[in-house]
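Everything below concerns the one structure shown next.
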Amino acid sequence: MYDICHLQFASDSHPCHDVFVTDSQRDKPRRSGCPIAESLDVIGDRWTLVVVRDLMFAKKSRFKDLLNGPDGITTNILTDRLRRLEASGVVERVPYQTAPVRYDYVLTDRGKDLFDILAALVAWGGEHVAGAKKLPAEAMAEMDPRR
């Protein structure tokens, strides 16, 4: 049996060391190396997966559309989360206008790989959180951006 949260790597030069590590995170002391803890450093706050949800399922790509979603995210929080997601390689900015420059935010392959996490949260929330809508697994499978 593996103890996933207490794996020890021989050194910080392990090939997984720089996956999802932003410049701001690189200056912070490393945590345990646990994949769950390290992943939560990237996607584990209140708003990040909500932004990814809107990019993935609502097909929103523009700042104003993400800002006007049903959850009430503020401008400064959205700006911060998009920057973090871009720095982590989850989202990329693609210019759609030059004067002034404006961007579409698009999930990268790394971002699309978050689908399984979001699908698991949809299933768990539908089963265990009062008031959360249930969505059939077949419907979630049809929304997979990797297909």
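Mind ordering 107-115, 132-140 by average Cβ neighbours within 10 Å, highest first?
Working: 107-115: 17.1, 132-140: 11.1.
Ranking the peptides 107-115, 132-140 by packing returns 107-115, 132-140.
Run down the lysines and flag those whose C-alpha is under 24 Å from the C-alpha of K112, throwing out any fewer than 8 positions away in its chain.
Cα-Cα hits under 24 Å: K59, K60, K64, K133, K134.
Please report the relative contact order for segment 47-147, taking Cα pairs under 8 Å with a sequence separation of at least 6, and give it as a percent rounded to a whole number. Numbers along the way, then the final one.
Details: 100 pairs, mean separation 23.5, N = 101.
Value for segment 47-147: 23 percent.
So how far apart, in nm, are the two label points at I36 and A137 if each is 7 Å from Cα heading toward Cβ?
About 2.2 nm separates the two model spin labels.
So how do T79, T48, T74 line up by other beta-carbon neighbours within 10 Å, fewest first? Display every interim value, and only then the final one.
Numbers: T79 13, T48 21, T74 10.
Least crowded to most crowded, the residues run T74, T79, T48.
Convex hull over the Cα atoms of segment 46-147, averaged projected area in nm²? The partial results should precede the final answer.
Numbers: hull surface 27.7 nm².
Mean orientational projected area (segment 46-147, Cα hull): 6.9 nm².
In what order do R62, R146 fall by count of nearby beta-carbon atoms within 10 Å, going from fewest to most? Show your work: numbers first, answer last.
Working: R62 14, R146 8.
The order, fewest Cβ neighbours first, is R146, R62.
Since every read-out is calculated from the coordinates, none of them should be taken as a lab result. Because the structure is predicted, anything quoted here is derived from the model rather than measured. Note: ideal-geometry Cβ built from the backbone for every residue, glycine included; neighbour counts use all protein chains shown.
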